[in-house]
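See structure below.
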Number of protein chains: 2
Amino acid sequence: MAFPKQVRLVEVGPRDGLQNEPEPISTATKLELIARLGAAGIRYIEAASFVSPKWVPQMADHREVMTGLKRIDGVTYAALTPNLKGLEGALECGVEEVAVFGAASEAFSQKNINCSVAESLARFEPVLERAQQAGVRVRGYVSCVLGCPYEGEIAPAKVAEVAKALYEMGCYEVSLGDTIGTGTPLKAKRMIEAVSCDIPMDKLAAHFHDTYGQALANLYAVMEEGIAVVDSSVAGLGGCPYAKGASGNVASEDVVYLLDGLGIETGIDLDKLAAIGTWITQTIGRPNRSKVGVALAAK
Amino acid sequence: MAFPKQVRLVEVGPRDGLQNEPEPISTATKLELIARLGAAGIRYIEAASFVSPKWVPQMADHREVMTGLKRIDGVTYAALTPNLKGLEGALECGVEEVAVFGAASEAFSQKNINCSVAESLARFEPVLERAQQAGVRVRGYVSCVLGCPYEGEIAPAKVAEVAKALYEMGCYEVSLGDTIGTGTPLKAKRMIEAVSCDIPMDKLAAHFHDTYGQALANLYAVMEEGIAVVDSSVAGLGGCPYAKGASGNVASEDVVYLLDGLGIETGIDLDKLAAIGTWITQTIGRPNRSKVGVALAAK
């Protein structure tokens with residue numbers, strides 16, 4: 001057992017957390033959320049998604065968000081850019097880091113973006129090239145790493161293959177997503193072991209969902225393996241599109257509480273973070289899915 | 001890392017889970033809950049509490065519950081008996097196992113049962129004696145093992161001292177309760193290490209609350225130490241009296257899902273268990289606090 005001394009949190013609430021909200025959320029609210037997260041000590045915020053408003057209407061104001069940011073020194077504000085058009089838009093807004101999104105499941109890739117995994121990877125190549133040309137770092141996501149809503153089980157070797165392709169294409173970090181939150185700790189460990197054969201452990205991140213309540217146990221298990229970057233969403237914003245009413249992203253507050261208890265540094269102020277969770281869920285009329293947030297607010 | 005091959009679940013829903021419900025729950029519903037839990041493969045059910053109805057009105061029908069049970073072979077139906085009067089009542093109902101309840105926190109003991117820890121232990125002595133005389137096994141609980149709502153931190157040595165006293169008094173098993181759910185994995189491990197200096201690991205149980213979302217991570221950590229008995233409550237029934245609206249007992253469904261994923265046998269049918277959680281929460285009008293239960297119901 002050798003836990004990392006520090007863990008970097010990647011806050012995905014403003015993008016992954018809000019993107020499926022049916023009611024429009026104002027740009028001002030998004031900017032306020034991002035500003036508060038930075039002030040609480042979060043050092044990496046996924047702020048917007050440069051996709052067509054036809055597909056994700058909630059992210060239609062990506063330009064206003066990316067250009068309206070009050071930047072804090074030392075904080076990275078990233079944007080999801082699934083294709084070259086999205087990347088060009090993000091570059092025009094002065095983005096310093098972007099992300100691309102692949103899947104470890106053929107069925108998920110087909111249903112989600114209407115192409116095979118190999119085709120999706122091929123589409124990312126010009127995105128990576130253009131980003132490198134512009135001096136912008138690219139983070140890669142792999143979804144369905146511990147299960148797929150259509151295929152069920154996913155082989156760790158398949159995850160490793162997709163992660164390796166993204167890494168070799170130039171992604172500086174690959175985030176491994178348990179999109180449907182069905183993973184358990186040993187399965188998560190085995191997946192990480194498979195992926196880390198090809199990619200150094202410090203280039204990997206865990207992006208776990210809490211749909212089955214296992215996210216913190218899974219994070220504990222993969223941190224034992226050396227994982228030191230964790231994606232999470234304040235108040236567990238996001239839900240699960242594959243099981244309505246269920247949890248999605250693990251809540252940042254719950255992760256920080258776990259890390260504080262393990263003596264792992266994050267630089268994040270938990271009380272401030274919990275207050276943000278209370279504020280944003282009240283503002284958008286959603287339940288607070290952070291147990292730490294609910295417990296602290298009830299004290 | 002050497003996980004146990006089997007874990008025994010102690011289902012506390014019908015007692016710990018229901019005891020603070022303000023609206024009366026019918027004896028028939030309680031009996032139906034207990035019957036369904038047994039049919040799902042649960043082998044140990046805490047069914048009632050022989051306390052004064054003045055203090056716990058919801059448990060006033062303890063006699064009707066204990067004598068109305070349709071017993072299943074191989075299932076233990078236990079009752080909480082905090083004093084000799086309670087024990088005599090339970091014995092009249094033909095109980096085969098009882099439990100007593102101590103605290104690792106002086107402040108909690110004073111506020112909760114109006115006496116010191118030492119005084120509470122002294123009160124249990126005649127209960128243990130009488131139970132042994134009657135051939136009835138006694139389980140001991142220690143509360144506040146990872147924190148106290150009044151004192152805050154609790155020293156592992158204090159937990160070990162109280163647990164040892166209960167064990168030496170004749171409790172065949174000591175259940176270690178994180179009453180306010182503030183524990184994290186390393187703290188839980190250190191506490192278990194301290195207690196297991198005096199008591200064999202196979203005589204200890206983990207009774208963790210999920211108030212801060214840490215219960216499964218904590219269970220994972222203490223199972224790595226060898227803990228193989230886990231207390232839980234179907235649908236997470238119970239809430240937390242110290243943080244209104246927050247979670248209490250870890251949900252049995254979430255624990256079974258974790259154990260299934262780790263390849264640890266429980267003999268419990270998860271789908272049946274989840275259906276019980278849906279049914280009982282609908283019946284008593286409470287939210288289902290099992291993430292597994294909610295996710296399975298939403299599929």
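Please count how many residues of region B:38-64 are at pLDDT 95 or above and either within 16 Å of B:V95 (Cβ to Cβ) or over 15 Å from the mean Cα position of the chain (by Cα) (or both). Reasoning before the result, please.
The first filter runs over region B:38-64 and keeps only residues at pLDDT 95 or above, leaving B:38-50, B:61-64.
After this cut, where a residue has to be either within 16 Å of B:V95 (Cβ to Cβ) or over 15 Å from the mean Cα position of the chain (by Cα) (or both) as well, the list is B:38-41, B:44-50, B:61-64.
Result for region B:38-64: 15.
Kindly provide the set of residues from region B:194-213 that are assigned to a helix (DSSP H, G or I) and closer than 18 Å to B:L259 by Cβ, ordered by number.
Hits for region B:194-213 are B:M201, B:D202.
Could you go through region A:243-260 and let me know if any residue there is in contact (Cβ under 8 Å) with a residue 60 or more places away in the chain and under 19 Å from A:A35 (Cβ atoms).
For region A:243-260, residues in contact (Cβ under 8 Å) with a residue 60 or more places away in the chain and under 19 Å from A:A35 (Cβ atoms): present.
Within the set of pairs 6+ apart or on separate chains, which have a first residue in region B:273-299 that is within 12 Å of another protein chain (Cβ to nearest Cβ) and under 21 Å from A:V250 (Cβ atoms), a second that is of a type in the set (S, T, N, Q) and in a helix (DSSP H, G or I), and C-beta atoms under 7 Å apart?
B:P287/B:T281; B:N288/B:T278; B:N288/B:T281; B:G293/B:T278; B:A297/B:T278
Residues of region B:90-137 being within 20 Å of B:V56 (Cα to Cα) and touching a Lys or Arg at 6+ places or on another chain (Cβ under 7 Å), which ones?
B:C93, B:A99
Working only within region B:73-82, note down all residues that are surrounded by fewer than 17 Cβ atoms within 10 Å (Cβ to Cβ) and touching a Lys or Arg at 6+ places or on another chain (Cβ under 9 Å).
B:G74 - this is the single residue of region B:73-82 that is surrounded by fewer than 17 Cβ atoms within 10 Å (Cβ to Cβ) and touching a Lys or Arg at 6+ places or on another chain (Cβ under 9 Å).
Kindly provide the set of residues from region A:150-169 that are part of a loop (DSSP other than H, G, I, E, B), free of Cβ contacts under 8 Å to residues at least 40 places away in the same chain and acidic (D, E), ordered by number.
Listed by number, the list holds a single entry, A:E153.
Just the residues that are hydrophobic (A, V, I, L, M, F, W, C) and within 12 Å of another protein chain (Cβ to nearest Cβ), please, taken from region A:236-251. Quick ask: steps written out before the conclusion?
Kept after step one, since they are hydrophobic (A, V, I, L, M, F, W, C), are these residues of region A:236-251: A:237, A:240, A:243, A:246, A:250-251.
Answer for region A:236-251, where residues must be hydrophobic (A, V, I, L, M, F, W, C) and within 12 Å of another protein chain (Cβ to nearest Cβ): A:C240, A:A243, A:A246, A:V250, A:A251.
Look through region A:245-287, keep the residues that are of a type in the set (S, T, Y) and under 21 Å from A:H207 (Cα atoms), and return whichever of them is surrounded by the fewest Cβ atoms within 10 Å (Cβ to Cβ).
Here the answer is A:T266.
Of (1) in contact (Cβ under 8 Å) with a residue 60 or more places away in the chain; (2) over 21 Å from B:C171 (Cβ atoms), B:W55 satisfies all except one. Which?
(1) is the only condition that B:W55 fails.
Take region A:1-31 and flag every residue that is over 18 Å from the mean Cα position of the chain (by Cα) and in a loop (DSSP other than H, G, I, E, B).
A:M1, A:A2, A:F3, A:P4, A:K5, A:P22, A:E23, A:P24, A:I25, A:S26
Count, please, the residues in region A:67-98 that happen to be under 26 Å from A:S109 (Cα atoms) and among the β-branched types (V, I, T).
Result for region A:67-98: 2.
Within region A:136-149, track down each residue that is assigned to a loop (DSSP other than H, G, I, E, B) and more than 19 Å from A:A188 (Cα to Cα).
A:V136
Is there a residue being acidic (D, E) and within 21 Å of B:A297 (Cβ to Cβ) anywhere in region B:226-248?
no
Let me spell it out: the conditions are (1) part of a loop (DSSP other than H, G, I, E, B); (2) out of contact with any helix residue (DSSP H, G or I) (no Cβ under 8 Å at 6 or more places or on another chain), and B:G177 meets all of them except one. Which number is the exception?
For B:G177, the failing item is (1).
Just to be sure, is A:R139 in contact with a helix residue (DSSP H, G or I) (Cβ under 6 Å, 6 or more places away or on another chain), modelled with pLDDT of 95 or more and of a type in the set (K, R)?
no
Take region B:108-122 and flag every residue that is in contact (Cβ under 8 Å) with a residue 24 or more places away in the chain and surrounded by fewer than 16 Cβ atoms within 10 Å (Cβ to Cβ).
Across region B:108-122, the qualifying residue is only B:K111.
Restricting to region A:123-145, what's the tally of residues that are surrounded by 23 or more Cβ atoms within 10 Å (Cβ to Cβ) and at positive phi?
Residues meeting the conditions: 1.
Which numbered condition trips up A:L258, out of (1) of a type in the set (A, V, I, L, M, F, W, C); (2) in contact with a Pro (Cβ under 9 Å, 6 or more places away or on another chain); (3) at pLDDT below 95?
The single condition A:L258 does not satisfy is (3).
Among the numbered criteria (1) touching a residue at least 40 places away in the same chain (Cβ under 8 Å); (2) at positive phi; (3) in contact with a strand residue (DSSP E or B) (Cβ under 8 Å, 6 or more places away or on another chain), which single criterion is violated by B:G239?
Failing condition for B:G239: (3).
Select from region B:146-178 the residues that are within 14 Å of chain A (Cβ to nearest Cβ), of a type in the set (D, E) and surrounded by fewer than 24 Cβ atoms within 10 Å (Cβ to Cβ) and list them in ascending order.
Of everything in region B:146-178, just one residue is within 14 Å of chain A (Cβ to nearest Cβ), of a type in the set (D, E) and surrounded by fewer than 24 Cβ atoms within 10 Å (Cβ to Cβ), namely B:E153.
Considering every residue within region A:208-225, establish whether at least one is more than 15 Å from the chain's Cα centre (by Cα) and more than 14 Å from chain B (Cβ to nearest Cβ).
No, region A:208-225 has no match at all.
Over 30 Å from A:E224 (Cβ atoms) and at pLDDT 95 or above: does that describe B:P24? Before the answer, list the steps.
Details: over 30 Å from A:E224 (Cβ atoms): yes; at pLDDT 95 or above: no.
So B:P24 fails the test.
Restricting attention to region A:179-194, which residues are among the polar types (S, T, N, Q) and at the interface with chain B (Cβ under 8 Å from one of its Cβ atoms)? Break it down into steps so the answer makes sense when it comes.
Here is the first cut: in region A:179-194, the residues among the polar types (S, T, N, Q) are A:179, A:182, A:184.
Selection gives A:T184 alone.
If A:T266 passes every condition in (1) closer than 17 Å to B:A217 by Cβ; (2) within 13 Å of chain B (Cβ to nearest Cβ) but one, which one does it miss?
So the condition that A:T266 fails would be (2).
The values are calculated or read from the model by the stated rules, or taken from the named source; none is laboratory data. Everything quoted here is computed from the prediction, not taken from an experiment. Cβ atoms come from the backbone with ideal geometry, glycine included; neighbour counts cover every protein chain shown.
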